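Enquirer: Below you will find the structure I want to go over with you.
The values are calculated or read from the model by the stated rules, or taken from the named source; none is laboratory data. This structure is a prediction, so every number in the text was calculated from the model and none was measured. In this analysis, Cβ positions are derived from the backbone assuming ideal geometry, glycine residues included, and neighbour counts consider all displayed protein chains.
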Amino acid sequence: MRDSVLSADVRDPRLEQYARILIDTCVGVEPGWQVVVMAASPARPLVEEIAAQLGARGAYALFRQNLAGIVPWMLAAPDELLETLAPIEAHALQNADGLIAIDAPENTRETSAIPPERFGRIQASIRPHIERVFTGDLKWVGCNYPTPAHAQDAGMSLRDYEDFLFGDGPHAQPRGQVGLGRRRQLQHARRRVLLLAG
């Protein structure tokens, strides 16, 4: 199995391009915007690139841990906390101009430890605050960051999964052969969020 090129100390130019697509094409960030970036620690190289590009565009970057990162809290918190989103989180979602949600799990089954009724309470507490996503008032994008967990679920080596995700290598659709219909599908897919319940 080939190692990840993203884990090397050398900066991967694909991350710069990926961040640019997320910021410019998908969200359309403008100067002065407040952009919430939700991710887990494996996505740090992409988060750092997004941070640099947001700063260069004169936008604020507000970083949050995604749900998988707070599983111990979700298991221990009393029901009344699960049923109400933390006021500071609600404020961020109600006032942000953009949202970039990066799925980068170390374990794609991490949230399966949360009983369904508890997870349902958490989702219900978040739902009113992400209504802006559905009305188009909050510009957003959801994306994957290549992790060993994603690669394993896809039945690929990490390097092959990176090539697949970034459009390089033997698993990618040749760029000259992507038809107009497929381009439209890809453009539409960039605007959809991948919500994983575990």
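Enquirer: Could you check region 43-119 for helices (runs of 4 or more DSSP H) lying wholly inside it with 1 or more residues that are modelled with pLDDT of 95 or more, charged (D, E, K, R) and in contact with a helix residue (DSSP H, G or I) (Cβ under 8 Å, 6 or more places away or on another chain)?
Expert: The qualifying helices (runs of 4 or more DSSP H) are 44-56.
Enquirer: How many residues are of a type in the set (A, V, I, L, M) and assigned to a strand (DSSP E or B) when one looks only at region 26-42?
Expert: Adding up the residues that qualify gives 5.
Enquirer: Of all residues being more than 12 Å from the chain's Cα centre (by Cα) and surrounded by fewer than 22 Cβ atoms within 10 Å (Cβ to Cβ) in region 27-47, which is nearest to Asp103 (Cα to Cα)? Just the residue, please.
Expert: So the residue we want is Pro45.
This table checks each residue for (1) among the small types (Gly, Ala, Ser); (2) surrounded by fewer than 20 Cβ atoms within 10 Å (Cβ to Cβ).
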position	(1), (2)
Arg64	no, yes
Leu81	no, yes
Ile100	no, no
Asn107	no, yes
Glu110	no, yes
Ala113	yes, yes
Ile126	no, yes
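Enquirer: Could you list all residues from region 82-104 that are among the small types (Gly, Ala, Ser), out of contact with any His (no Cβ under 7 Å at 6 or more places or on another chain) and free of Cβ contacts under 8 Å to residues at least 60 places away in the same chain? Don't jump to the end; show me each part of the working.
Expert: Taking region 82-104 as the starting set, the residues that turn out to be among the small types (Gly, Ala, Ser) are 86, 90, 92, 96, 98, 101, 104.
Filter again for out of contact with any His (no Cβ under 7 Å at 6 or more places or on another chain), leaving 86, 92, 96, 98, 101, 104.
Passing the criteria: Ala86, Ala92.
Enquirer: List every residue pair whose Cβ atoms lie under 8 Å apart, where the two residues are 6 or more positions apart in sequence or sit on different chains, the first residue falls within region 135-154 and is over 23 Å from Trp33 (Cβ atoms), and the second residue, located anywhere, is among the acidic types (Asp, Glu) and in a loop (DSSP other than H, G, I, E, B).
Expert: Short answer, once both residue conditions are applied: Thr147/Glu106; Pro148/Glu106; Ala149/Glu106.
Enquirer: Still on this structure, please answer the following. Does Leu138 meet the test of being touching a helix residue (DSSP H, G or I) at 6+ places or on another chain (Cβ under 8 Å), closer than 19 Å to Ile21 by Cα, modelled with pLDDT of 90 or more and aliphatic (A, V, I, L, M)?
Expert: Considered against the rule, which asks whether it is touching a helix residue (DSSP H, G or I) at 6+ places or on another chain (Cβ under 8 Å), closer than 19 Å to Ile21 by Cα, modelled with pLDDT of 90 or more and aliphatic (A, V, I, L, M), Leu138 comes out as yes.
Enquirer: Of all residues in region 120-172 being among the β-branched types (Val, Ile, Thr) and not in a helix (DSSP H, G or I), which is farthest from Pro87 (Cα to Cα)?
Expert: Thr147
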